[in-house]
Ligand SMILES: [Zn+2]
């Protein structure tokens with residue numbers, strides 16, 4: 001299999017990422033399936049006393065949390081696999097520069113380079129700060145740190 005690609009990586013590197021991501025996809029799909037069954041079982045469990053209820057609610061919440069976490073991750077994994085097929089794997093979606101191999105080894109579904117990621121995180125914290133200031137008109141923070 002060959003990738004007609006702009007990707008900065010050689011085919012054999014892409015194949016490694018592809019098989020790793022496919023494995024991850026498989027594991028996540030199974031975990032999601034398990035969580036779905038667990039949630040259904042907890043929802044279907046018949047009348048119970050109050051102590052049972054709160055215990056059930058806690059495990060239901062835990063099941064929901066892991067379910068939605070895995071769903072989010074699965075979406076990213078699927079998108080990364082699509083980027084491999086499209087020959088866009090390893091290219092930053094923001095600046096179109098290469099995403100470092102180390103970053104992709106740590107986060108194979110990363111779709112932006114570390115610089116753009118840091119910038120967007122910085123942007124987010126500035127947005128949060130601005131929202132906070134908007135709701136707290138009494139707070140005075142030197143404008144220089146907002147830029
Ligand atoms: Zn970038």
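Note: the range 11-90, Cα convex hull, 69 Å³ per residue.
Label positions at residue 15 and residue 129, each projected 7 Å from the Cα along the C-beta direction, are separated by 4.9 nm. The slack in the chain from residue 106 to residue 37, taken as 0.36 nm per residue of separation less the alpha-carbon distance, amounts to 21.8 nm.
Each value in this text was obtained by applying a stated rule to the coordinates, not by laboratory testing. It should be emphasised that the depicted structure is a prediction, and the values quoted were computed from it without experimental measurement. Cβ sites come from the backbone with ideal geometry, for glycine too, and all protein chains shown count toward neighbours.
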